[in-house]
Each structure stands twice: as structure tokens, then as C-alpha cells.
Amino acid sequence: MSKIILIIKREYFSRVKKKSFLVMTFLVPILIIGMYALIFALSMQGGDNIPAVEVIDDSGIFNKGLENKKSATFRKSELSLAEAKQKVIKNEDAFVLYIPGNISNGGTIEMFSQKKAGISVINTIESQLNDQMRTKLLADAGIDVLMLDKIKPKLSVVSKELTLEGEKDSSSGAAMAVGFAAAILIYMSLFIYGIQVMRGIIEEKTSRIVEVVISSVKPFQLMMGKIVGIGLVGLTQFLLWITLSIGLMTVASQVMFKGKMDQIKSEVPMNKQAAAVSTDGPGMDIIKAVQTVDWTYILPIFIIFFLGGYMLYSALFAAVGSAVESDTETQQFMLPITLPLLFTYIMSFSFIVNNPDSSLSFWLSIIPFTSPIAMMVRLPFGVPNWELALSIILLIAGFIFTTWVASRIYRVGILMYGKKVSFAELGKWFMYKE
Amino acid sequence: MLSIRNIVKQYAKHRALDDVSIEIEQGSVFGLLGPNGAGKTSLIRIINQITAPDQGEILLNGEKLNPSHISKIGYLPEERGLYKKMEIGEQMLYLAQLKGLSKADATSRIRYWFEKMGIQSWWNKKVEDLSKGMQQKVQFIATVVHNPELIILDEPFSGFDPVNAQLITNEILELNQKGATIIFSTHRMESVEQLCDSIALIHKSKKILDGKVKDIKDLYRNNTYKIAYSGVLDSVESSLFTISEENKNEKGTHLTIQINPGFSSNDVLKFLIPKVQVTELTEIVPSMNDIFIQNVKN
């Protein structure tokens, strides 16, 4: 037992001490926070470069003019089309909207500018023009527009979770995002850490150190030591990411909100202030969402499914590593490992999301080979405890099984050199006696 | 010290070891010989408990081989390897602790060996920064650092330059004098003659020859002598010996003869001395190399 701890220690510290580990540990949270800050900064900046659009209306239909929005402001132009075009050529900040005289039910309206107008600008123009055109057409047809507006029903559906503990609002948006993120994280880390296990074994095999080591410990101990050691590396990385992200996020949001409040106070023009208030979306939403998620529920389940899935798949990666002598030979054996993962990943985001309680989703989240990813996607929609328990028990049984199979292949594989290995060969190794 | 009894190892259709039995005495330097693919490595792996035999048993000091023996055996495999990215001191500590040493013991023993080999400055170097010969020195230390009673060396000299080969040879002999039993697996016969007390020859999965080097050589002596003399021998008595080769030059005659059964070299001398001036008479003793080739070819 003390020997397996020695192996775990070596596997763990030799990786944690690497520069690449440190870089990854700090870079990922910084990138996350950086992205968050960028979204925030962009949303704050939106008001600075609003295109001022000059409108030439030859049709005379839109004499009410266009309403100023946060994406663009509008002004009636007295220029002719030719003059306006000249202006655009000379002035790079000029935008000219030309509405031809023969416009009616359909037709094309042109926007001239040196810089391409943004989608939000085009959208706001289109919707305003269509609204006004619709109003005119309805009036022409003798329909009372005011009446029509009055009978616009406004119903909305609020989802409430009703359980024995009472009813509560299910803020499924944030929970779903966290569930998806967890599923993606598990999907990626099963590969990242599984492949590290495989590479480590290939390294030991090709450098032939393995023969020295297994004259001291059993092959099974070496394999398990490696799997556990690398799994702990993964866990350490996650925990560091979570703490660092939350820490940085708290600091960053404090700094930003302080800055935002100052900005609102100091800015005089009314329309700009309005714009600033209405953009509090991205910043506030993230903070709010993070607070609504039940971390004490999701985090332990995430860790259990990550560890279970990792143990299950890394044993298979270990078997592959023991059978080959270089990375290039691994491909044929990788396919059966990659396929169930890829299948679950695709199913998760195309099917389970829309039918979280269907029987297919149920089975995907119960079968050990697919459950680590599928369960994370189902989790935000509410999974009964007995299903969760069953899934975890089967996952544990699953990794015990794959570890057993893998260790039988591994003990023979690591001592085999210069042989092109097939699946039939692996079967033979599996059947060998001690 | 080590009794290998009726070992059989079967790999699918290939029988790697077929009823092999060998006795290795305490304190001996034992040569395990055989051409490539004969089954030497399979046997060594079984002694190291890396694999288990299908039949037969191995006793170490009268006890059936078990995991507690791991710390008593040191093994240097033929294919050498270390963790390339790991520092040497750390790596030695790891390997020594895997053999059951405490960290403190391991540290002091490794220091001792590093000093002995003059490589103290290597402690913090990485393996990938060392030459192949340097790596092998490190590996040799890893093999013997836990003071094993039984040291198994698979082709220990491959890859060493003559200076380091001599250094390692001396270390091996010193360990042997301190009481360690050594098993050599090799097909370099000159080192066998130089170092080994006893040998076993394995060929095509079977042991075909074993015993003390001296006994085996005696067994393969066939009364062949080299004689040199000056003068002229008018008649050769055919009942005494048969000539297998004859060379004449101005200095004298060289004969290779085989003495017939019932006669000795003295009889030959008695016959020759009255007639010619004998300048040389040596027995041609077969080398281990000859014995090896002769056995493997048959």
C-alpha cells in the first residue's frame, strides 16, 4: 500500500510542478475573467460611436421620422440623393438612408456609408420602417390601429418547481448554463487526463523503466497509482480554477460596478444615461446567475461524475497505452473509446436538452459509459435522487469493471515489444493466466 | 541460495521455458547463457516476480518466492530506461523507496554510491541531459542501492565503453566479495570466463548444460595438445596419438595432436625427447565460446 502511495506522489508532483500546469491554472481563470470584462466593457462603450443617419424620404410615407435608438440616431435630410452620396464619399462617418418614392408593400431601401453599417443598426431601421408601413397599410385598409393595439394579449409562462419542500422559482437559465459547462468540462477533461495517462504509460514502456518498476511493484499498482495520481492533478486544477475564478470575479465586479456608478452620475445627457442603465444586462446577469445556482448541490455531483468517468475511461486509455509503443499507433484503439464520448456529447446538446425526461435521456444518464456527460446536462432539469444514486453506483461498478479488464491487458502489454497489436491480440492477453 | 525447479512458461503457442531447473549457490557469480530468444529473459522475469511460471517453483534461501523477496533482489534489465524528465537524485530516491527503503536510508545510500562513482554533482540533473553511458551508471546504482542479496544483471556491459565496463566489473566483484550472489545473463563469453564460477546454458527453452565453469571445461577437454619441436622425427608411432594438423617452417615443426586413450602427455614426451628438441607442449582447452557454439549448433 505504501508503494502505491509513492507512485501516486510521483505522478502527482511530477505533473503539478511542471510549468505548463501553473500556466494553465492561472491562464484559464484569467481568460474567463478577461472575457467577462470584455463583454462588460463593450456593453458600456456602446454609446460612444452611434451612427447619425440622415434620412432622405422620397416616398413621403415616413414623415413621422425615425425614433432615435441606442444603436443609431436619425435626422431628416434636405439634400438630394446625389448630394448626399457626395457627402458620404467625403465624410467617413456619414450614413445616408434613401427611401425611394415608389415604395409600397415591399421593396428595397438603401443605406449608403463608407463603413458597413452594423446589424443592430439595420435591424432597428427595418423594424421601425416595417412598423410604420404596417400602420399605414392597416389604416388604408380601414382597420383601426388603436383598437388592434389594445387587443394584443400579453400572457407569459413562469416555471415553478413543486416538491415536498414547497414551490420555488426555477431559474433554469443559469442552472442550465452551469450544467452545460459542467458537461463540456467533463467531456474535455476525460480526454485531456485520459490521454495523459496513456502518454505516461507509453513513456514508461518505451523508456523501459517499466521493467525496473514492476520488479518492485505489481503492474496493477503501477497502473492504479498513475490513474489516481493524474486524477488528483485534474481535481487540483479544477479546484484552483473555481477558487481563482470566483476570487477574481468578485474583485473584478466590485471594481467595475464602482466605475459604472461613477459614470452614471457624471454623465449629463439624458439619452446616454438611459443607454448606460439599459446595458447593465451582461454584468448584472452573470453575477445574479452565479448567485442563484445551488453550488452545494452541483459541485459535489460534478466531482463525483468527473472522478467516476475519469476512472472508467482512463483505465481504457491505460490499456491502449500499454499495447502500443508510440502515439501514432494508438489511433485504431482510440476509436472505441472516443465514440461513446462523442455520441453522448452530441446527444446531450441535440436531444437531452429538449427531452430531459425521455427514456433515452434516462438511459444515457444511467449507463456508465455515457452518464458522466449526460447526467450533467439533465441535472438542471431536476433528477430524482434514486436515479442519481443508481447512476453513481453503476458508474462505480463500471470503472471497477474497466479497470479489471484494462489491468489484464496492461500487465501483458507493458512487457511486449516490437509487435503490431490487433484487437484479437488484446483478447489473447486478457485471457492469459498470471 | 536460489533453486529453480522444473519451470515451465507457456505463451500462447510458444513455450518460452520447458522444464528448466537450476541451482545457484550462495556467493557465486552465475552465468545464465544462451542465444537470443532462448528464454533467458523469461526466466529472469519469473525470478523477479514480474511474471509467474505456469509450472514449477522457485525457492530463495529455501523459501518459496513471495513479495517480501522483492527487497532482496536487484535487477538491471537488458533494455535500460529511466524517467527522462525527472531529476536523477529524485529518481533514485523513488526507485530505492519502491524497493522498500525508508527515505532517510535511501538518501544516505544514494549519497554513498554517488560519491563512490564520482557523480555527486549529478543529483539535480535530468536524465535526458546525460549520455547513455552516464545513464547506465545511474541505473547500476539503482540496481544495487538497496544492498540486495541477489543481483541479476541482464547484459550488463552492453553500451559501456571499456573504462566504464571495467569500473562496473570491479563493483560487481566487490559486491560479490561482500556476499552478494550475482546472476549474469549474457552472450559475451569472454566476460563469462573472467567472472563466472558456474553457468547454465539455455537453448530453445531448455537447459542443455550447467555446472561449474571448470568442470564444464574439463568435460570438453579431449586430450588435444599443441607441440612444437625442432629436429626431424623419422617415424610417428600411431598408437600413441593422431596428428590433426602439421606445420613446418625453418624454426621447427608445430603439431596439433590428439592423444589416444590410455596414454598421457608424459608418454608423448617420453617418446619425443630422445628424438627431437621439444620447445612447447600445451593442452588446448576449449573456450566457453567454443563450448557455447558447439552446444548451440548441435
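Between B:F184, B:F114, B:F140, find the one with the highest GNM mean-square fluctuation for chain B; connect C-alpha pairs within less than 10 Å.
Residue with maximal mean-square fluctuation among B:F184, B:F114, B:F140: B:F114.
Rolling a 1.4 angstrom probe over the protein heavy atoms, how many square angstrom per residue are accessible across region B:2-218? Please report the intermediate quantities before stating the final value.
Numbers: 9040 Å² over 217 residues.
It amounts to 42 Å² per residue over region B:2-218.
How large is the accessible surface per residue of region B:222-287, computed with a 1.4 Å probe and reported in Å² as a whole number?
Details: 4150 Å² over 66 residues.
I get 63 Å² per residue for this part.
Would you calculate the volume per residue, in Å³, of the smallest convex hull containing every Cα atom of region B:2-218? Walk me through the intermediate numbers first.
Working: hull volume 26.8 nm³, N = 217.
In region B:2-218, the Cα convex hull volume per residue is 124 Å³.
Antiparallel as a % of all DSSP beta bridges within the protein assembly as shown, to the nearest 5? Spell out each step's value before the answer.
Values: 49 of 76 bridges.
If I count the DSSP bridges inside the protein assembly as shown, around 65 percent turn out antiparallel.
Would you kindly derive the ³J(HN,Hα) couplings of region B:224-232 from the backbone phi angles with the Karplus curve 6.51 cos²θ - 1.76 cosθ + 1.60 (θ = phi - 60°), listing them in order in whole Hz, with x for Gly and Pro?
Listing the rounded values in order: 9, 10, 10, 10, 10, 8, 10, x, 10 Hz.
Note every residue of region A:216-244 with a reduction of at least 40 square angstrom in accessible area, all protein chains present versus the isolated chain, computed with a 1.4 Å probe, or write none.
Residues of region A:216-244 that lose at least 40 Å² of accessible area once the other chains are added: A:S216.
Can you give the average number of partner chain beta-carbon atoms within 10 Å of each beta-carbon in peptide B:90-102, as a whole number?
That average works out to 4.
If you roll a 1.4 Å probe over region B:2-218 with all protein chains in place, what percent of the accessible area is carbon or sulfur?
Working: 4260 of 9040 Å².
So the carbon and sulfur contribution to the accessible surface is 47 percent.
Kirkwood hydrodynamic radius (Cα pairs, Å) of chain A?
For chain A, the Kirkwood estimate is 27.1 Å.
Excluding ligands, DNA and RNA, what is the accessible area buried between chains A and B, summed over both sides, using a 1.4 Å probe, to the nearest 100 Å²? Don't skip to the answer; put the middle values down first.
Values: alone 24870 and 15410 Å², together 37870 Å².
Its buried surface, counting both partners, is about 2400 Å².
By accessible area of protein heavy atoms, probe 1.4 Å, what ranking do A:Y313, A:Y187 get, highest first? Let's see the in-between values first.
Working: A:Y313 0, A:Y187 35 Å².
From most accessible down to least: A:Y187, A:Y313.
What's the extension gain from A:F238 to A:S127 if we count 0.36 nm per residue and subtract their Cα-Cα distance? Mind dumping the intermediate values first?
Numbers: separation 111, 0.36 × 111 = 39.96 nm, distance 4.59 nm.
Length gained, A:F238 through A:S127: 35.4 nm.
Would you mind computing, in nm to one decimal, how far apart the modelled labels at A:F26 and B:N170 are, each placed 7 Å from Cα along Cα→Cβ?
Result for the modelled spin labels: 5.0 nm.
What is the antiparallel percent of DSSP beta bridges lying wholly in chain B, to the nearest 5?
Working: 41 of 59 bridges.
Taking every DSSP beta bridge with both residues in chain B, the antiparallel ones total about 70 percent.
What residues qualify as long-range amide H neighbours of A:N355, i.e. H under 5 Å apart, gap of 5 or more or another chain, H built at 1.01 Å from N?
Residues meeting the amide H criterion: none.
Comparing the chain by itself with all protein chains present, which residues of region A:175-208 are at least 50 Å² less accessible (probe 1.4 Å)?
Listed in order, they are A:S207, A:R208.
So what are the three principal axis dimensions of the protein assembly as shown from its Cα atoms, in whole Å, longest to shortest?
Here the Cα extents, ordered largest to smallest, are 152, 68, 48 Å.
Starting from the amide H of B:I152, placed 1.01 Å from N in the peptide plane, find each other amide H under 5 Å away whose residue is 5 or more places distant or on another chain.
B:G74, B:Y75, B:L76, B:I183
Tell me the accessible surface of B:D215 in square angstrom (1.4 angstrom probe, heavy atoms of protein chains only), to the nearest ten.
80 Å²
Of all accessible surface on region B:222-287 at a 1.4 Å probe, what whole percent is carbon and sulfur? Show your work: numbers first, answer last.
Numbers: 2050 of 4150 Å².
Carbon-and-sulfur percentage of accessible area, whole number: 49.
Would you mind getting the accessible area per residue of region A:50-145, heavy atoms of the protein chains only, 1.4 Å probe, in Å²?
62 Å²
Please give the length that would be gained between A:M188 and A:Q254 if that part of the chain were fully extended, namely 0.36 nm times their separation in residues minus their C-alpha to C-alpha distance (nm, one decimal).
Numbers: separation 66, 0.36 × 66 = 23.76 nm, distance 3.16 nm.
Separation in residues times 0.36 nm, less the Cα-Cα distance, equals 20.6 nm.
If a/c stays under 1.5 just call it rounded; otherwise compare a/b with b/c (prolate if a/b is bigger, oblate if not). Do that for region B:1-68, with a ≥ b ≥ c from the square roots of the Cα gyration tensor eigenvalues.
The shape class here is oblate.
Once phi is turned into θ = phi - 60°, what whole-Hz ³J(HN,Hα) does the Karplus curve with 6.51, -1.76 and 1.60 give for every residue of region A:417-428, x standing for Gly and Pro?
For region A:417-428, the Karplus curve yields 10, x, 10, 7, 9, 10, 5, 4, 4, 4, x, 4 Hz.
When the distances between all Cα atoms of region A:1-120 are binned every 10 Å from zero, what whole-number percent does each bin get?
Pairs per bin, as whole percents: 11, 25, 18, 11, 9, 9, 8, 6, 3.
Can you list the residues of region B:1-24 whose accessible area drops by at least 30 Å² going from the chain on its own to the full set of protein chains, with a 1.4 Å probe?
B:Y11, B:A12
Out of A:G34, A:G231, A:G60, any idea which swings most in a Gaussian network model of chain A, alpha carbons joined below 10 Å?
Result: A:G60 has the largest fluctuation of those listed.
Using the Cβ atoms and a cut-off under 11 Å, what net charge is assigned to the surroundings of B:K226, where Lys and Arg are +1 and Asp and Glu are -1?
-3
Using a cut-off of under 12 Å, list every residue of region A:56-77 whose amide N is near the label point 7 Å from the Cα of A:T135 along the Cα-to-beta-carbon line.
A:62-67
Go through region B:52-61 residue by residue and turn each phi into a ³J(HN,Hα) via Karplus (6.51, -1.76, 1.60, θ = phi - 60°); whole Hz please, and just put x for glycine and proline.
10, x, 6, 9, x, 8, 10, 10, 10, 6
Calculated from DSSP H runs of 4 or more alone, at -39500 (n - 2.57) each and per residue, what is the 222 nm mean residue ellipticity of chain A, nearest 500?
Numbers: 16 runs with 287 residues, N = 434.
Mean residue ellipticity, 222 nm, calculated: -22500 deg cm²/dmol.
Among the DSSP beta bridges whose two residues both lie in region A:50-145, what percent are antiparallel, rounded to the nearest 5?
Details: 4 of 13 bridges.
Close to 30 percent.
Below 8 Å between Cα atoms, with a sequence gap of 6+, how large is the relative contact order for chain A in percent? Please report the intermediate quantities before stating the final value.
Working: 460 pairs, mean separation 83.5, N = 434.
RCO, chain A: 19 percent.
Relative contact order for chain B using alpha-carbon pairs under 8 Å, separation at least 6, rounded to a whole percent? Intermediate values should be presented prior to the final figure.
Details: 502 pairs, mean separation 61.3, N = 298.
Taking the mean separation of contacting Cα pairs over the length of chain B, I get 21 percent.
Regarding region A:50-145, what whole-number volume in Å³ per residue does the convex hull of its Cα atoms give? All intermediate terms of the calculation are to be shown ahead of the outcome.
Details: hull volume 9.0 nm³, N = 96.
Expressed per residue, the convex hull around the Cα atoms of region A:50-145 is 93 Å³.
What does the C-alpha gyration tensor say about the overall shape of region B:222-287? Classify as rounded when a/c is under 1.5, otherwise prolate if a/b is larger than b/c, or oblate.
On the way: a/c = 1.69, a/b = 1.24, b/c = 1.36.
Oblate, because a/c is 1.5 or more while a/b does not exceed b/c.
Computing the accessible area with a 1.4 Å probe over protein heavy atoms, can you report the carbon and sulfur percentage for region A:1-95? Please list the in-between numbers first.
Values: 3780 of 6080 Å².
Taking all protein chains in place, region A:1-95 shows 62 percent carbon and sulfur surface.
For region B:111-264, what mean projected area does the convex hull of the alpha carbons give, in nm²?
15.5 nm²
Given the -39500 (n - 2.57) contribution per DSSP H run of 4+ residues, what per-residue ellipticity at 222 nm results for chain B, rounded to the nearest 500 deg cm²/dmol? Before the final figure, lay out each step's value.
Details: 9 runs with 95 residues, N = 298.
Only helices count here, giving -9500 deg cm²/dmol.
The values are calculated or read from the model by the stated rules, or taken from the named source; none is laboratory data. As the structure is a computational prediction, the values presented were derived from the model and not from experiment. Glycine also receives a Cβ, built like all others from the backbone with ideal geometry; neighbour counts cover every protein chain displayed. Heads up: the accessible areas ignore ligands, DNA and RNA and are worked out on the full protein's heavy atoms, side chains in. Shrake-Rupley method; radii C 1.70, N 1.55, O 1.52, S 1.80 Å.
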